[in-house]
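Here is the structure we will look at, set down as structure tokens.
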Number of protein chains: 2
Amino acid sequence: MSDASTLRPVRASTIAQWDHQADVVVAGYGIAGVCAAIEAARAGAEVLILERTGGWGGAAAMAGGFIYLGGGTPLQRALGFEDTPENMETFLLAALGPGVDKAKIADYCRGSVEHYNWLVSCGVPFREAFWGEPGWEPPHDEGLMYSGGENAAPFNAIAKPAPRGHVPQFADKKIGRKSGGYMLMKPLAETAESLGVRVEYDLRITRLVVDDDERVVGVLARRYGTEVAIRAERGIVLATGSFAYHQQMIEGYAPRLIGRPAAAIEEHDGIGIRVAQALGADLAHMDATEVAFFGDPQLMARGILVNGRGQRFIAEDTYPGRIGQAALIQQENQAFLVIDEASYEAGLATETATPFFRQPPTWAAETVAELEHDMGLPTLALQATVDCYNLHAGDGIDPLLGKKPEWVRPLRGPLAAFDMRGCTAGFTLGGLRTDLDSRVLHVSGAPIAGLFAAGRCTSGLCAGGYVSGASLGDGSFYGRRAGIAAAKN
Amino acid sequence: MSDASTLRPVRASTIAQWDHQADVVVAGYGIAGVCAAIEAARAGAEVLILERTGGWGGAAAMAGGFIYLGGGTPLQRALGFEDTPENMETFLLAALGPGVDKAKIADYCRGSVEHYNWLVSCGVPFREAFWGEPGWEPPHDEGLMYSGGENAAPFNAIAKPAPRGHVPQFADKKIGRKSGGYMLMKPLAETAESLGVRVEYDLRITRLVVDDDERVVGVLARRYGTEVAIRAERGIVLATGSFAYHQQMIEGYAPRLIGRPAAAIEEHDGIGIRVAQALGADLAHMDATEVAFFGDPQLMARGILVNGRGQRFIAEDTYPGRIGQAALIQQENQAFLVIDEASYEAGLATETATPFFRQPPTWAAETVAELEHDMGLPTLALQATVDCYNLHAGDGIDPLLGKKPEWVRPLRGPLAAFDMRGCTAGFTLGGLRTDLDSRVLHVSGAPIAGLFAAGRCTSGLCAGGYVSGASLGDGSFYGRRAGIAAAKN
């Protein structure tokens, strides 16, 4: 069935009978939805969650589980890292722009310690251990890691580096090791249910219901082909995730992701964005994308990454999410890792490598000139890059891109190159424009009465950049705000 | 006054009296509006144009005047250039993507010769002369020029190069030399008025008017603080231009343009987009931007352009609009022109240089090593780039980026560098999603009854890329479609 018949808002007067009713209705049982439900219930509202799959979790439960928190969280302090809300704000303004919602970033940084404590009070476990190696995620149950290049160039010269990737996890003999995202969602879902939050599963929302004053008072949904009408006395919270799986939206808004795997779940079809657009909701940063880069960070930090012209483009020891963004957006998805045999062996030997991101070398050669030729690069193109890198690496520095001295060593002897094209995947970061109370804003700038949203169906902290943990971070933070505001409505 | 009270659609039943009435009402008297008006009038409709300034022209009349046309126009053929709609389509798909509206591009290429003939039949003058030098616009009254890098790498290997920048202009002793855009608009405005099209000036639209079936039947506007209601019997055509001057939209959708001059007129405040969004209209490619690059193409082609790391990034002999896009999007707005004294003098000496884009050198030095040092680049960073360039330039080739042999010469002797940062300006290319009949599409995918749009308030041919002439091209082409469809409605 085409969308055409299903997206336009429906008048409440045409609803013969409501199948369900609650004070606050939350669409989507991922991170934003569960946080909205908890806060709405604690504020005294009767809460009903509508979830299109058969269980809680959403994309969050599949995620690595980083939540981006800082400003001096108890975990940061216990592990000896100094941070302030202002320092965190300085970093995020530099890393997530241009065009970020400055009010949202300031608000988020100031509320970050309280948000950490709230998560802990809900039972989210953070183990007091720091993981300091380059990588995507902590390999064990460490609770804290750099997740946005804070300690790498250029950001280490802009703000005092502090790790802010908080990972909820611990080893549990009964359930085995689960992802951080699962360990985040599980205690929150248990908290919500202990507060009497009800859930209807297998219901996918299709249209909003408005009264004669254009106030949102309900939502229509479908369950196995049957239409279900749900009344919301105080407000609806949209928390249905990104549009990574809506092909037309990807082509029209975030075409760099065309043809790449979505680092999301297929329920992320943009429905929350579209039902609100049908009411005149405004959007923001629809082109913004997270881009994962499936290379082993232990190898990347030890080698050099070059583009399709054999030129370096990024400090290789930064967080790999930033490498993917730079490669896809600025280098037309051309990225190759060049590394010498000794560094390759050293990278392989670390217990902290990421073997499932490893691939055999695409080219191997005795000299740079030979490698350059095999890679189809013009004579001197790669050689010039290596000569410049080696000249300074001899002094232990990287003045071109600022890779930290611990990873800088001249490339010598036999070497190899890895074709990293096609190693990117991603998800979308743009969506509904919301205010600090998670009210969905009409294109006129005024809030749409009765409508709230949080998580990846909204534009959150990110514009051009991304740090791991920003999505679970703003999803949980503004999910809470949505629940509070809807309950008060 | 805030937007809040002015954007939401109004019910027709609340309008006590209509101040004006026509079959087809066109908002905006620029290129899209005038073409819509002509075609609607020719189809037998009574047409009223609403223009917020005191005269016709819009951004079009201020523009250089390129219209992107091809597929074998009479002008192309008269000047000895072969082209086909398929060849044009191949180029545009490569140059304007990713994520382009393929149906629109195919449609536009197939209709291009007919559109050229239509413009000529309306009195638009194209002089049979070709200008083949690198530059922004023809320096005299030549009617045809390369305006999108068709004859430069990488596109000259993808499609058979054909110039498609058609510039309406001729020397007129009475009025002196006017911009191509003026020479485009003048005969079209005269044509419209000869067909009885009426115009109301100094009227800025504020809200759409809908009937009880959500069909658009009119528009509200303001004239010096007084509200004016205009009834449209058959349809409204939105042709109000881009959102280059709406600060919040720039920050939220196209943040790369923050802080740059807008290559547009200040009437381009996105109003057409926003009134339609308030009705649930869908958007596309809101991040897409044209980026002008204010450097002298005669100097750029003779030198090398390097980024903030001293690396080359584009074939310097391509159309300068493409250089600006590459510099801003892929090189973080870091661009420097490096040129030796002999080439600089040769560039200056051409009668076809663009002196008003010229600036004094930022740095001058006897050797590359000295220049590199003065520019604050690490030792070998620029030297390596020049060594690689010179090695191949000695053979007359540029295997790294494919600059054409005629512009390739080793850099020798004293040389200079120009800081080209801050030399970019631009405008926005995203907007309302429309179909091939210029019907504005609701987010559900269905057309919004009674609502049509064309020009830069819509997403036209461009996604990630741009060629000069695409905006006047799709604005005029789909303006005509809007007029035809609205008149038939």
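The values are calculated or read from the model by the stated rules, or taken from the named source; none is laboratory data. What you are looking at is a predicted structure, and each value in this text was computed from that prediction instead of being measured. Here Cβ is always computed from backbone atoms with ideal geometry, including for glycine, and neighbour counts include all displayed protein chains. Remember, those area values only see protein heavy atoms, side chains included, never the ligands or the DNA or RNA. Shrake-Rupley method; radii C 1.70, N 1.55, O 1.52, S 1.80 Å.
Each Lys and Arg contributes +1 and each Asp and Glu -1, all at the Cβ; summed about the Cα centre of segment A:172-316, the dipole is approximately 720 debye. Note that segment B:123-129 has calculated 3J(HN,Hα) couplings of x, 6, x, 10, 7, 6, 8 Hz, one per residue in order, obtained from phi through the Karplus relation 6.51 cos²θ - 1.76 cosθ + 1.60 (θ = phi - 60°); glycine and proline are x. Using a simple spin-label model with pseudo-atoms 7 Å out from Cα toward Cβ, residue B:214 and residue A:421 lie 4.5 nm apart. Take the Cα radius of gyration of segment B:246-396 and divide it by 2.2 N^0.38 Å, N being the number of residues; the result is 1.30. For the protein assembly as shown, the 222 nm mean residue ellipticity estimated from helices alone, with every DSSP H stretch of n ≥ 4 adding -39500 (n - 2.57) and the total spread over all residues, rounds to -8000 deg cm²/dmol.
Need the C-alpha centroid separation for segment A:330-393 versus segment A:136-210, integer Å. So the two Cα centres are separated by 34 Å. At R0 = 30 Å, how high is the FRET efficiency between residue B:103 and residue A:226 if r is their beta carbon distance? Nearest 0.05 is fine. Given R0 = 30 Å and the Cβ-Cβ separation, E is 0.25.
Only Cα sites of segment B:335-436 enter the Debye sum here, all with the same form factor; the resulting log10 I(q)/I(0) across q = 0.16 1/Å is -0.80, listed in q order. Comparing each chain alone with all protein chains together (probe 1.4 Å, DNA, RNA and ligands left out), the residues of segment B:413-453 losing at least 30 Å² of accessible area are B:433, B:442, B:443, B:444.
Once both labels are positioned 7 Å from their Cα atoms along Cα-to-Cβ, the gap between residue B:233 and residue A:341 label points is 8.6 nm. Shortest first, residue B:202 label-point distances to identical copies amount to 6.6 nm, with the label point at 7 Å from Cα along Cα→Cβ. FRET efficiency for the pair residue B:170 and residue B:387, taken as 1/(1 + (r/R0)^6) with r the Cβ-Cβ distance and R0 = 56 Å, rounds to 0.70.
Expressed as a fraction of 2.2 N^0.38 Å, the value expected for a compact globular protein of N residues, the C-alpha radius of gyration of the protein assembly as shown is 0.97. Neighbours of residue B:378, meaning other residues whose beta-carbon lies under 10 angstrom from its beta-carbon, give a summed charge of -1 when Lys and Arg score +1 and Asp and Glu score -1. Rolling a 1.4 Å probe over the heavy atoms of the protein chains gives segment A:286-415 an accessible area of 35 Å² per residue.
Qualifying trypsin sites (Lys or Arg not before Pro) in segment A:394-460, where qualification requires a DSSP coil assignment and no more than 16 other C-beta atoms within 10 Å, comprise A:412, A:421. Exceedance of the 20 Å cut-off in Cα-Cα distance is limited, within the set B:160/B:403; B:104/B:186; A:160/A:404; A:160/A:403, to B:104/B:186. Taking the label point 7 Å along Cα→Cβ, residue A:128 and its counterparts in the other copies are spaced 8.8 nm apart, in ascending order. Using a Förster radius of 51 Å, what is the FRET efficiency between residue A:79 and residue B:356 based on their Cβ-Cβ separation? Nearest 0.05, please. The calculated FRET efficiency here is 0.30. What shape does chain B take by its C-alpha gyration tensor, where a ≥ b ≥ c are the square roots of the eigenvalues and a/c under 1.5 counts as rounded, a/b above b/c as prolate, and the rest as oblate? Verdict is prolate for chain B.
State whether segment B:81-166 is rounded, prolate or oblate according to the following rule on the C-alpha gyration tensor (a ≥ b ≥ c being the square roots of its eigenvalues): a/c under 1.5 gives rounded; otherwise a/b larger than b/c gives prolate, and the remaining case gives oblate. It is oblate, given that a/c is not under 1.5 and a/b is not larger than b/c.
Averaged per residue, segment A:1-103 has 37 square angstrom of accessible surface, using a 1.4 angstrom probe with ligands and nucleic acids left out. Placing unit charges on each Cβ (+1 for Lys and Arg, -1 for Asp and Glu) gives the protein assembly as shown a dipole about its Cα centre, and among A:45, A:253, A:88 the Cα reaching farthest toward its positive end belongs to A:45. At a threshold of 50 Å², the residues of segment B:300-316 that become less accessible to a 1.4 Å probe in the full protein assembly than in their chain on its own are B:309, B:311. If you roll a 1.4 angstrom probe over the protein chains with everything in place, what fraction of the accessible area of the protein assembly as shown belongs to carbon and sulfur, to the nearest %? Reported share for carbon and sulfur atoms: 51 percent. Less than 5 angstrom separates the built amide H of residue B:49 from those of B:26, B:198, B:199, B:200, all sequence-distant by 5 or more or on a different chain.
Restricting the chymotrypsin sites (Phe, Trp or Tyr not before Pro) of segment A:202-267 to loop positions (DSSP other than H, G, I, E, B) with no more than 15 neighbouring Cβ atoms within 10 Å leaves A:224. So if I take the centroid of the Cα atoms in segment A:225-268 and the same for segment A:23-39, what is the distance between those two points in Å? Here the two parts' Cα centres lie 16 Å apart.
Residues of segment A:77-114 that bury at least 30 Å² of accessible area once all protein chains are present, compared with their chain alone (1.4 Å probe, heavy atoms only, ligands and nucleic acids left out), are A:98, A:99. Assuming a ≥ b ≥ c are the square roots of the Cα gyration tensor eigenvalues, decide whether segment A:174-273 counts as rounded (a/c under 1.5), prolate (otherwise, with a/b larger than b/c) or oblate. Verdict is oblate for segment A:174-273. Give the A-B buried accessible area in Å², both sides summed, 1.4 Å probe, nearest 100. Buried area between the two chains comes out at roughly 4200 Å². In a DSSP loop and with at most 14 other Cβ atoms within 10 Å, the trypsin sites (Lys or Arg not before Pro) in segment A:89-189 are A:173, A:174, A:177.
The Cβ shell under 14 Å around residue A:59 holds other residues with a net charge of -4, Lys and Arg each +1, Asp and Glu each -1. Translational diffusion of segment B:214-324 was estimated from the Stokes-Einstein equation, with Rh taken as the Kirkwood radius over Cα pairs; at 25 °C and 0.890 mPa s the coefficient is 141 µm²/s.
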